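So the structure is just underneath, and the comments pick up after that.
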2 protein chains.
Amino acid sequence: MYNDKSYLDLNPLFNPEGIAIIGASNNPGKVGGMTFLTTIIGGFSINHLYPVNHNEEEIFGLKSYKNVKDIPYNVDLAIICVPAFNVKDVIKDCVDKRVKFGVIISAGFSEADDDGRKMEKEIVRIANNGGMRIIGPNCMGISGSKVHLHALMNMLIPKEGGISIVSQSGTLGSLTMATGSIEGLGFSKFVSSGNEADIHTEDLIEYFTEDEDTKVILAFIEGLRDGKRFLNTAKKASEKKPFIVIKGGITEEGAKAASSHTGSMAGSSSVYNALFKQTGIITAIDGDDLVNLAKGFYMLPLPKGRNIGIVSAWGGIGVLTADACAKEGLKIPSLSKKTMDSLNKLLPPFWSRQNPVDMTAAGIYGSWDLFIEINRLVLTDDNIDAVVCMIPLFTSIFKTVLDRMEDTRHYAESMIDFMEDTESEFVKNFVGLKEYKKPLVALNISRRLESKSVTYLEENGIPFYSSSMDAAHVLSKMVQYKEYLDRSNEE
Amino acid sequence: MYNDKSYLDLNPLFNPEGIAIIGASNNPGKVGGMTFLTTIIGGFSINHLYPVNHNEEEIFGLKSYKNVKDIPYNVDLAIICVPAFNVKDVIKDCVDKRVKFGVIISAGFSEADDDGRKMEKEIVRIANNGGMRIIGPNCMGISGSKVHLHALMNMLIPKEGGISIVSQSGTLGSLTMATGSIEGLGFSKFVSSGNEADIHTEDLIEYFTEDEDTKVILAFIEGLRDGKRFLNTAKKASEKKPFIVIKGGITEEGAKAASSHTGSMAGSSSVYNALFKQTGIITAIDGDDLVNLAKGFYMLPLPKGRNIGIVSAWGGIGVLTADACAKEGLKIPSLSKKTMDSLNKLLPPFWSRQNPVDMTAAGIYGSWDLFIEINRLVLTDDNIDAVVCMIPLFTSIFKTVLDRMEDTRHYAESMIDFMEDTESEFVKNFVGLKEYKKPLVALNISRRLESKSVTYLEENGIPFYSSSMDAAHVLSKMVQYKEYLDRSNEE
């Protein structure tokens, strides 16, 4: 078993008692200004937030200190935004002040040139000798949601929840959180790990693996220093919780770009593919895929097998979804006789009479209760492990259309209001299908369907996708992970 | 050369002088009600729109007729929404009235059972003998933008423009138009072709090929009756304009679903793949891909070659974009010495000094003019055929974040207003880069970045994508199409 003391205790990093932001500024156009502002907006207690700036008396209304050593309170964490050539002195001061963790946002170190590389080594040496550990340099900050800590150099404060991220690209991590926060996800901890001069991706994954608040781990990785350690770390993580990785630099062109970015070497595609297969890691191909996968793994129970039920009122979309599932290695089994009998009783004679269930116009012009009942029948069929439902939420997109029709929209305005009301009633009932504890995914093939109803579904644990391929891909990855866990448990 | 008389003249279908909607209703919960309402809202002249209903005196305020034959004006087009068993009589009346085209929305024909199949044949026989041609049955309607004709059984009225669609899934076609209309696309003609009892996909493609208002053709195909004719039709289309196809039923599972949907047989994947390779068809994998491709082909000039310049202020995203381009068979060449010299003068010493151009924080905290100038330098480099630019438009997503931060958002509200103003100035200047007539694609890896700025870009011909893979995929398909055209011209 995993020993509690075998991993780095990052508790003071994510739940610090006091934070100094060194290089804080009143100008949000500067890195130190934006980072300070974001930390205040994020909700960290201003009683334990200390700006440090040579020249100012106050930063955004808080008393400012000339030096971190002047702060008369405990400081667990220093966020460092001063120019690169000043960082060494700042670290010395932090060590004197017994700061436990430093997050160096400043750039101009190993990613820049040899002088920067030397400076980076020297800084880590000084910090470590003084018992201080370093995130970065050349990073975008960290989040620790339990104490509403969002010390980020952009304003992309995530919703709080159970997903933790370590990202060698701060922006990719931030944008994943920003998108995810709109699509029903919540985040526990985030680290933009930058050049990883001291604390590495593996340290963070180890911590997230043991962290009870973390339900799903995401990582963006450009380069690794120790493949073997990563392999062990990833295996242990995957056994405990879904560990989703997006890997940059898996092509020659990408690797070349990566080496100039964080100063670390990206490995070859084949080496990574081999590593990833042995570890149960769930791989994502890009930022959209990362959010899609996170939604599935965070919101849904794991499917027991590969058998998918497809429910729609639109034949063509049933066809595309069946194609997508087949491409992803999923099965579209026959429904049980019991389910077929029930559906025959409920639906007009020209329904599809098979899986995919095309309920035809009965699903559009029929009652919402019928729509939900059909989903319930398919979801509870013993032949079915998960359901993809093309969900008829069109009010928001109808509204968009009407907005363009200045001269004629009055014909439909009252109808749209009525539709909106019934739609919000419908999604409340649809969410009730969660009780069957089988994966249920809502699909509607317009990515511009951003309505209250979609938000409601996602905030209540039903992920929404705008492409059949995305829905099938996520379910397929969930099945693969379930099979990996089953194999691991057999061993 | 193509003979003008070798294809079906669909002018009275798309630009009818008068339209009868047979089975029109005052209840928008009925198909005939929604179709009539949508036609009014769409903007077709109400002076030439005639509802037909046995029982009503007026439909939505317009005088209603008991029978199409009672209409004292010319009727080119009948939209038929009555129950299946009444359609035959309606068609007889239409023939008597010398109606040229009938769009049968009603379902319950060959897709339902053998009786329906017989009835469908009989109806087409009667119509054709009387000189009338049929779209459908079992379809969702048509659009002809020139006369603001949108006779659709849903309210998804598209923006008007130069893309034409034939779709064997009405909903997929409608949702493509709905999404596209929000993302800078405009549509000329749309046909939901349903069971294709008379007029086939190929007839429509032939017409769109010759139609001067159509710049790009989209098709959703489930099944084809005549592979050889399709091959010829597709070849001729591809030579004249981009022809993008999404094919349903390419897996066994999808094919099985398709046969129950439109009553036509879907062909095997290998047959279609062979057909598609010979014809210059651009294949899309799902609805999102279809919209992505349409945006590229509609908005951009074709790239001269495979050499992509990548510009960003975020190293990690440059890495992912380089990976995505490489996966799609594109090249990331070195920049010319001239461009490198200019960039070295403009950027801080630790910029990436290669393609992808990572301008570092200079791109975020620098001036917008600098950002545009760097794009201009890369775009005009002779080594570069197209540019993907990670564009720093974050205002809308910052706003979303602030909306959640009730207690603290006041710290940043004035800043956000300022950002919004400068951002809208920036995109206006960015659009100026179109003058170089090279493909320029804006990327920002959050799909929740729906701002006025993004809309402005797309309405002014710069497509926006939220994933590196999507941007690279579209450029790759454009290069392939360019290469196909070059090969065709050599032959």
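Before moving on, here are some points about what is shown:
- Qualifying residue in region A:62-80 (condition: out of contact with any Asp or Glu (no Cβ under 6 Å at 6 or more places or on another chain), away from chain B (no Cβ under 14 Å) and under 30 Å from B:Asn344 (Cβ atoms)): yes
- Checking each residue in region A:407-440 for being at the interface with chain B (Cβ under 9 Å from one of its Cβ atoms) and touching a Pro at 6+ places or on another chain (Cβ under 6 Å) picks out only A:Met415.
- Annotation: B:Glu57 fulfils all but one of (1) touching a Ser or Thr at 6+ places or on another chain (Cβ under 7 Å); (2) touching a residue at least 12 places away in the same chain (Cβ under 8 Å); (3) among the charged types (D, E, K, R); the unmet one is (2).
Results for (1) aliphatic (A, V, I, L, M); (2) farther than 23 Å from B:Asn138 by Cβ, shown as yes or no for each residue.
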| position | (1), (2) |
| --- | --- |
| B:Pro28 | no, no |
| B:Thr39 | no, no |
| B:Leu49 | yes, yes |
| B:Gly61 | no, yes |
| B:Val68 | yes, no |
| B:Phe101 | no, no |
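- Residue within region B:143-151 that is surrounded by 21 or more Cβ atoms within 10 Å (Cβ to Cβ), under 12 Å from B:Glu196 (Cα atoms) and either in contact (Cβ under 8 Å) with a residue 24 or more places away in the chain or touching a Lys or Arg at 6+ places or on another chain (Cβ under 7 Å) (or both) present: no
- Taken residue by residue, region A:42-61 has at least one member that is more than 22 Å from A:Leu156 (Cβ to Cβ), at pLDDT 95 or above, among the polar types (S, T, N, Q) and crowded, with 21+ Cβ neighbours inside 10 Å.
- Where B:Asp213 falls short, out of the listed (1) in a loop (DSSP other than H, G, I, E, B); (2) of a type in the set (Asp, Glu); (3) within 14 Å of another protein chain (Cβ to nearest Cβ): (3)
- Answer residue from region A:67-89, given it is crowded, with 20+ Cβ neighbours inside 10 Å and of a type outside the set (Val, Ile, Thr) and is farthest from A:Arg117 (Cα to Cα) among those: A:Leu77
- Residue in region A:154-168 that is away from chain B (no Cβ under 14 Å), of a type in the set (S, T, N, Q) and under 31 Å from the mean Cα position of the chain (by Cα) present: yes
- Restricting the search to strands (runs of 3 or more DSSP E) fully inside region B:118-177 and requiring at least 2 residues that are outside the structural domain of B:Arg98 (by TED's automatic domain parsing) gives B:141-144, B:149-152, B:160-167.
- Residue check, B:Phe394 at the interface with chain A (Cβ under 10 Å from one of its Cβ atoms), under 32 Å from the mean Cα position of the chain (by Cα), buried (at least 19 other Cβ atoms within 10 Å of the Cβ) and hydrophobic (A, V, I, L, M, F, W, C): yes
- The one condition in (1) farther than 19 Å from A:Gly287 by Cβ; (2) within 10 Å of another protein chain (Cβ to nearest Cβ) that B:Leu347 fails to fulfil: (2)
- Failed item in (1) of a type outside the set (Phe, Trp, Tyr); (2) surrounded by 16 or more Cβ atoms within 10 Å (Cβ to Cβ); (3) under 30 Å from B:His200 (Cβ atoms), with B:Ser64 passing the rest: (3)
- In summary, helices (runs of 4 or more DSSP H) completely within region A:269-350 and bearing 1 or more residues that are acidic (Asp, Glu) occur at A:287-299, A:315-327, A:337-346.
- Pair list, Cβ < 7 Å and 6+ apart or interchain, from region B:14-34 residues that are farther than 25 Å from B:Ile205 by Cα to residues that are surrounded by fewer than 24 Cβ atoms within 10 Å (Cβ to Cβ) and among the charged types (D, E, K, R): B:Asn26/B:Glu56
- The one condition from (1) within 14 Å of chain B (Cβ to nearest Cβ); (2) touching a residue at least 40 places away in the same chain (Cβ under 8 Å) that A:Ser174 does not meet is (2).
The values are calculated or read from the model by the stated rules, or taken from the named source; none is laboratory data. Computed from a predicted structure; not experimentally measured. Neighbour counts run over all protein chains shown; Cβ positions are idealised from the backbone, glycine included.
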